[in-house]
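Take a look at the structure set out below.
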Amino acid sequence: MGKIMEAVFCVFYLVFTSITGYRIVKNGARLKEVRLFGIMCLTLVFGDAFHLVPRIFAAVNQAGDYHVSLGIGKMITSITMTAFYLILYFIYEMRYSSKNTVLRYTMIVLAIARVALCLMPQNDWTGADPVSWGIYRNIPFTIMGIIMIVLYFIKRADPEYKWMWLAILLSFAFYLPVVLWADVSPMIGMLMLPKTCMYMWMVVMGYKQAKKD
């Protein structure tokens, strides 16, 4: 029953984020910042689909072998999550007229490093997926997250994005234990569900901004 509920949640997330992201793009046609937020949401759900669709099939058909699809999907999701946070930084620049060149290039370099580490064959996505490489590839990603938490916390007076910093913080708080200990206790992997809820919360923030504009 638990697997079926997980599959239902994944379907809801994919449908909700796809529709909301599309509506943000549509509503933000006259404002580049809002349109970019919608593109960010669609980027996120596009990448997540490669990982979640095999999980849905695996939950429905537990006799099937989806190990390779899940591994490849996890790699793609890791890359699109990186793009998600890089785009979120660009939204920050637009929204608050930030012109910090050093910070911009720092985020870009961290994103490139993260993607490069994700593409290294030592990750063995479709095999063992060693914890050590899970840590390596998440170091630049975590630094990106910390930067975004600090930046949006400073701008927490913004009525639409006042809780963006908290959503990012909680998403990493749920995500990092999975990276470190999911191989020790599979139940820790369930933290990916509240992590996904944090992403939906972020999507809702963007949608409210789109409706306002």
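The values are calculated or read from the model by the stated rules, or taken from the named source; none is laboratory data. Here the structure is a predicted model, which is why all the values come from computation and not from measurement. For neighbour counting, all protein chains shown are included, and Cβ atoms are generated from backbone atoms with ideal geometry for every residue, glycine included. What goes into the accessible areas is simple: the full protein's heavy atoms, side chains included, and nothing from ligands, DNA or RNA. Shrake-Rupley method; radii C 1.70, N 1.55, O 1.52, S 1.80 Å.
So, R0 is 41 Å and r is the distance between the beta-carbons of Ile188 and Lys212; what FRET efficiency does that work out to, to 0.05?
Step by step, r from the Cβ atoms, then E = 0.60.
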Local electrostatic count, Ile56, Cβ distance below 13 Å [Lys/Arg +1, Asp/Glu -1]: 0
Let a ≥ b ≥ c be the square roots of the eigenvalues of the Cα gyration tensor of region 3-126; is it rounded (a/c under 1.5), or, if not, prolate (a/b larger than b/c) or oblate? oblate
Taking Lys211 as the anchor, which lysines have their alpha carbon closer than 19 Å to its alpha carbon, excluding any fewer than eight residues away along the same chain? Lys26, Lys32, Lys162
Just going by the charge dipole of the chain, with Lys and Arg at +1 and Asp and Glu at -1 on Cβ, which of Val53, Met5, Ile168 is farthest out on the positive end? Ile168
In Å², and per residue, what accessible area does the chain have when probed at 1.4 Å with the other protein chains present? 51 Å²
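How large a share of the accessible area of the chain, in percent, is made up of carbon and sulfur atoms when the probe is 1.4 Å and the other protein chains stay in place?
Working: 7670 of 10860 Å².
After summing per-atom areas, the C and S share lands at 71 percent.
At 222 nm, what value in deg cm²/dmol follows for the chain if DSSP H runs of at least 4 each add -39500 (n - 2.57) and the sum is divided by all its residues, to the nearest 500? Provide the component values of the computation, followed by the final result.
On the way: 7 runs with 167 residues, N = 213.
Calculated from helices alone, the mean residue ellipticity at 222 nm is -27500 deg cm²/dmol.
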Any chance you could look up the accessible area of Lys74 with a 1.4 Å probe, heavy atoms only, rounded to 10 Å²? 80 Å²
Residues with beta-carbon under 14 Å from that of Ser78, excluding Ser78: net charge, scoring Lys, Arg +1 and Asp, Glu -1? +1
Of Val203, Gly127, Met187, whose Cα points farthest to the positive end of the dipole of the chain (charges on the beta-carbon: +1 Lys, Arg; -1 Asp, Glu; origin at the Cα centre)? Val203
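Could you size up the charge dipole of the chain around its Cα centre, putting +1 on the beta carbon of Lys and Arg and -1 on that of Asp and Glu, and report it in debye to the nearest 20?
Numbers: 20 positive and 11 negative charges, 192 e Å.
Its charge dipole is roughly 920 debye.
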What are the ³J(HN,Hα) values, in whole Hz, obtained from phi via the Karplus relation 6.51 cos²θ - 1.76 cosθ + 1.60 with θ = phi - 60°, for each residue of region 165-172 in sequence order, with x given for Gly and Pro? 4, 6, 4, 5, 4, 5, 4, 6
Give the separation of the Cα centroids, region 180-213 to region 19-48, in Å. 17 Å
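What percent do you get for the relative contact order of the chain when only Cα pairs under 8 Å and 6+ apart count?
Details: 266 pairs, mean separation 43.6, N = 213.
The normalised contact order for the chain reaches 20 percent.
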Round to the nearest 10 and report in Å² the accessible area of Arg156, as given by a 1.4 Å probe over the protein chains' heavy atoms. 110 Å²
Take the eigenvalues of the Cα gyration tensor for region 87-130, scale each by 5, and report the square roots as semi-axes in whole Å, largest first. 32, 10, 5
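I want to verify the translational diffusion coefficient of the chain in µm²/s; compute it with Stokes-Einstein, Rh as the Kirkwood radius over Cα pairs, at 20 °C and 1.002 mPa s.
Details: Rh = 17.8 Å.
D, rounded to a whole number, is 121 µm²/s.
Compute the length gained on full extension between Asn61 and Ser132: take 0.36 nm times their separation in residues and subtract their Cα-Cα distance, giving the result in nm to one decimal. All intermediate terms of the calculation are to be shown ahead of the outcome.
Values: separation 71, 0.36 × 71 = 25.56 nm, distance 3.10 nm.
Additional length available on full extension: 22.5 nm.
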Can you list the lysines whose alpha carbon is less than 18 Å from that of Lys155, not counting same-chain residues fewer than 8 positions off? Lys99, Lys208
Using the Karplus curve 6.51 cos²θ - 1.76 cosθ + 1.60 with θ = phi - 60°, what ³J(HN,Hα) values do you get for each residue of region 86-92, in whole Hz, with x for Gly and Pro? 5, 5, 4, 5, 4, 5, 4
